[in-house]
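Shown next, in structure tokens, is the structure this report addresses.
The values are calculated or read from the model by the stated rules, or taken from the named source; none is laboratory data. Predicted, not measured: the structure shown is a model, and the values here were computed from it. Ideal geometry is used to build each Cβ from the backbone, glycine not excepted, and the neighbour counts take in all protein chains shown. Side chains are part of the model used for accessible areas, which takes the heavy atoms of the whole protein and leaves out ligands, DNA and RNA. Shrake-Rupley method; radii C 1.70, N 1.55, O 1.52, S 1.80 Å.
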Amino acid sequence: MEELKVYEGKMNKTLEVLLSDYAAIRAGRANPHVLDKIKVDYYGTPTPIQQVGNVSVPEARMIVIQPWEKSLLKAVEKAILTSDLGINPTNDGNCIRLIFPEMTEERRKEVAKDVKKKGDGAKVAIRNIRRDANDAFKKMEKAGDMSEDDLKEATEKMQKLTDKMIEKVDKAVEEKTKEIMTV
């Protein structure tokens, strides 16, 4: 059914957003994706850090940012300081180092709670998409664009799709929580 494709696309987008949020959550190890949402003022244009320099992870708990232009060091440092990353950058005149501290047990639990909350938010969004789809199907049936049997079939397919997507969200939550809780 063509109508299902639209709602499946919306559900996939919800899952993609959740996964990109999870990629930005640090789990003890240095992950260059924590910089994804940080923008640097590059000649008046907010630009992602990855586009103004080389980002590498030389050690498990360190990210090194080497801007292609030395003049950008201060701008990159400022962008990191004003972000919600919570790490003080070290600027040695050539590159910027971000040293990630070991996460405490308490901090791990807080982050795991946040991961679960984001997962629950994604599930609610998916269920809302299902509700919108079912409402649209009922309107189509009322308008005579869909038979009662088609309505029943569309509703069942929508439920199966919803279950599948919620299962994927649960799996993502479980994997990220396990990653965070692993010392």
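Please verify whether LYS178 is surrounded by fewer than 19 Cβ atoms within 10 Å (Cβ to Cβ) and touching a residue at least 40 places away in the same chain (Cβ under 8 Å), treating the condition exactly as stated. Before the answer, list the steps.
Working: surrounded by fewer than 19 Cβ atoms within 10 Å (Cβ to Cβ): yes; touching a residue at least 40 places away in the same chain (Cβ under 8 Å): no.
No.
Would you point out the residue of segment 131-149, among those that are assigned to a helix (DSSP H, G or I) and in contact with a Phe, Trp or Tyr (Cβ under 8 Å, 6 or more places away or on another chain), that is surrounded by the most Cβ atoms within 10 Å (Cβ to Cβ)? Step through it out loud before you land on a result.
Applying the first criterion (assigned to a helix (DSSP H, G or I)) to segment 131-149 yields 131-143, 148-149.
With the extra rule that they be in contact with a Phe, Trp or Tyr (Cβ under 8 Å, 6 or more places away or on another chain), the set shrinks to 132-133.
Numbers: ASP132: 14, ALA133: 24.
The extreme case among them is ALA133.
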### Task
Would you check which residues across segment 41-59 are surrounded by 14 or more Cβ atoms within 10 Å (Cβ to Cβ) and charged (D, E, K, R) and list them?
ASP41
### Query
Restricting the first residue to segment 90-118 and requiring it to be in contact (Cβ under 8 Å) with a residue 60 or more places away in the chain and under 11 Å from ILE180 (Cβ atoms), which pairs with a second residue that is assigned to a helix (DSSP H, G or I) and not hydrophobic (A, V, I, L, M, F, W, C) meet a Cβ separation below 8 Å and a spacing of at least six or different chains?
ALA112/THR177; VAL115/TYR22; VAL115/LYS176; VAL115/THR177; LYS116/THR177
### Task
Take segment 97-117 and flag every residue that is at pLDDT 90 or above and either open to solvent by 70 Å² or more (accessible area, probe 1.4 Å) or part of a strand (DSSP E or B) (or both).
ARG97, LYS113, LYS116, LYS117
### Task
Using the structure shown, decide if LYS74 is loosely packed, with under 15 Cβ neighbours inside 10 Å and either assigned to a helix (DSSP H, G or I) or more than 24 Å from the chain's Cα centre (by Cα) (or both).
yes
### Message
Pairs please, first residue from segment 51-63 and more than 10 Å from LEU98 (Cβ to Cβ) and among the hydroxyl-bearing types (Ser, Thr, Tyr), second anywhere and open to solvent by less than 60 Å² (accessible area, probe 1.4 Å) and part of a strand (DSSP E or B), Cβ atoms under 9 Å, 6+ apart in sequence or on different chains.
### Response
SER56/ILE63; SER56/VAL64; SER56/ILE65
### Summary
Filtering segment 152-175 down to residues that are open to solvent by 30 Å² or more (accessible area, probe 1.4 Å) and over 21 Å from the mean Cα position of the chain (by Cα) yields LYS152, GLU153, THR155, GLU156, LYS157, GLN159, LYS160
### Task
Could you tell me whether ILE126 is closer than 24 Å to VAL169 by Cα, of a type in the set (Val, Ile, Thr) and buried (at least 16 other Cβ atoms within 10 Å of the Cβ)?
yes
